[in-house]
Amino acid sequence: MNRRTLLATLSGAALQLQAQKRDMIIHNSRQEGYEMPLAGFKDYITPVEHFFVRSHHLTPKIELDSWKLEVKGHVDGALTLSMADLKAMKPVEMVAVLECAGNGRGFYEPSMPGLQWEHGSVGNARWRGVRLADVLKRVGVKPGAKHVLFDGADVPVGTQPEFQRTIPIEKAMDPNTLLAFDMNGAALPASHGFPLRVIAPGWAGDSWVKWVTRIEVLDKEFEGFFMKTGYRHPGKGMQPGVPVKPEEMKPVEAIQVKSVIASIGPKVSGAAWAGEKAVATVEVSVDRGRSWKAAKITSPRTPFGWVTWEFDWQPPSGYYVVMARAHDTWGRTQPMAQEWNPSGYQWNAIHQVASVTAPVAQAPAIEPPAVYKATCVGCHDEGPVRKQRLSRAQWEAEVGKMQRWGAPVKPETKDELLNYLTSRFGYRHR
Ligand SMILES: Nc1nc2c(c(=O)[nH]1)N[C@H]1C(S)=C(S)[C@@H](COP(=O)(O)O)O[C@H]1N2
Ligand SMILES: [Mo]
């Protein structure tokens, strides 16, 4: 792609982001979906240039002069705070892992719609800000408060519902839950929530709301799309194709115990984390899981950060498989095979790296019909469509969702559109 077409395709914010990021796997460049490459698991602190980005809407452009934070709802006295007000409060610094609930979705079989993340929608950063509890104490939370709502300055494209999220009052009052203004020693970059975001240590990224402008204390559950429909999990493995009752689904909260291999040579190395618990040990197996040996932890240990690890081993010539697994201080470890859930959340099966990878069969290129470009490119680029592997029924549901969000789907060309999507991005057994 030459520079002119690049300029024409990307929004200003995305351009600015591309300048800041390096070697990322690009899932979507409008609603930014950027994945860290595997080499990033060698770093104890993930630099901004490698830190993944997951935004449901476009990145807002915010001027600090006009920015303010409203804190209201089920409180004694609502307040409006400026950045100077927040910076006058007691600062707190913390290293913590931020992992998207959908990290690893691309490995689920059968596949489901959603960004097809592999390992890299996770990173470990040093956050600095104030305790959310200290801000809430200033407004005085009334008895009966149940949840705390965060609203960001980002606005949806089309009629997609707004990204607004709540956390239970207990998590909000936890001294480790922060409102952060710095990441790795500098102000939050635009894509990571400038000027203020939630840090919910041990919990999946959907609770880490970016660009916060409004905090509202609620005395009941919030009914918004991203709480009642998105980011819900049955809390156990499911049989694919068996419908789940909505009342069986709960919001995604704590992240799993997990380890990822960054590279094999000259040593086996990687990172491991455990959500609300700490990593106890990391082990490596080079005999397909028959025996396991402890890896050496090579980074500081903090309550919510990841650790990096190394294991001395010379690969033999020919075929080999290396596996790594973490154990946490609760005694939990990772499964050899992943149980399935409808949205593809919380993948934590043992990571395996083999020396010989079979070539993946490529679907033959099919010329896209005009109706495809006219209907499906605009709100976003082709990125989120290209990596899906969906059956016709799944595509029909997905196209229906896009239509409700404003895609101009016409009855007379819908079949042509579905034929293309299914033949080009259809379900394929891996
Ligand atoms: N306002 C707002 N906050 C948001 C999001 C969003 O789309 N809008 N995405 C959430 C999700 S799903 C994740 S995984 C994290 C990603 O944070 P990062 O982009 O800084 O890596 O931000 C969360 N906060
Ligand atoms: Mo996420």
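The values are calculated or read from the model by the stated rules, or taken from the named source; none is laboratory data. Everything numeric in this text was worked out from a predicted model, so none of it was measured. Cβ: placed from backbone, ideal geometry, glycine included. Neighbour counts: every protein chain shown. Side chains included, ligands, DNA and RNA excluded: accessible areas come from the protein's heavy atoms. Shrake-Rupley method; radii C 1.70, N 1.55, O 1.52, S 1.80 Å.
Just a few scattered comments:
- Single condition K277 does not satisfy, out of (1) modelled with pLDDT of 95 or more; (2) under 25 Å from the mean Cα position of the chain (by Cα); (3) not hydroxyl-bearing (S, T, Y): (1)
- Residue list for the stretch 206-217, restricted to those being out of contact with any Lys or Arg (no Cβ under 6 Å at 6 or more places or on another chain) and open to solvent by 10 Å² or more (accessible area, probe 1.4 Å): T213, R214
- Some residue of the stretch 90-99 being over 18 Å from the mean Cα position of the chain (by Cα), more than 16 Å from ligand 2 (Cβ to nearest atom) and within 30 Å of Q388 (Cα to Cα): no
- Boolean, A78 is away from ligand 2 (no atom under 16 Å from the Cβ), assigned by TED's automatic domain parsing to the domain that holds P240 and among the small types (G, A, S): yes
- Pick from the stretch 69-121, criterion within 16 Å of ligand 1 (Cβ to nearest atom) and over 30 Å from T422 (Cβ atoms), ranking: most open to solvent (accessible area, probe 1.4 Å): E70
- Condition broken by S191, with the remaining ones in (1) of a type outside the set (D, E); (2) touching a Leu at 6+ places or on another chain (Cβ under 8 Å); (3) more than 22 Å from G114 (Cβ to Cβ) satisfied: (3)
- Subset of the stretch 200-231 that is in contact with an Asp or Glu (Cβ under 8 Å, 6 or more places away or on another chain) and hydroxyl-bearing (S, T, Y) - its residue that is nearest to P60 (Cα to Cα): T213
- The requirement of being open to solvent by less than 10 Å² (accessible area, probe 1.4 Å), within 23 Å of the chain's Cα centre (by Cα), at negative phi and within 16 Å of ligand 2 (Cβ to nearest atom) is satisfied by I199.
- Test: P189 is in contact with a strand residue (DSSP E or B) (Cβ under 6 Å, 6 or more places away or on another chain), over 23 Å from G275 (Cβ atoms) and open to solvent by 10 Å² or more (accessible area, probe 1.4 Å): no
- For the stretch 122-136, filtered to residues that are more than 16 Å from ligand 1 (Cβ to nearest atom) and under 13 Å from V198 (Cβ atoms), the residue that is most open to solvent (accessible area, probe 1.4 Å) is R131.
- Filter result for D182 (surrounded by fewer than 24 Cβ atoms within 10 Å (Cβ to Cβ) and away from ligand 2 (no atom under 14 Å from the Cβ)): yes
- Note on the stretch 213-246: residues that are within 16 Å of ligand 2 (Cβ to nearest atom) and at pLDDT 95 or above total 0.
- Restricting the stretch 288-318 to residues that are assigned to a strand (DSSP E or B) and open to solvent by 50 Å² or more (accessible area, probe 1.4 Å) leaves a set whose member that is farthest from A200 (Cα to Cα) is K293.
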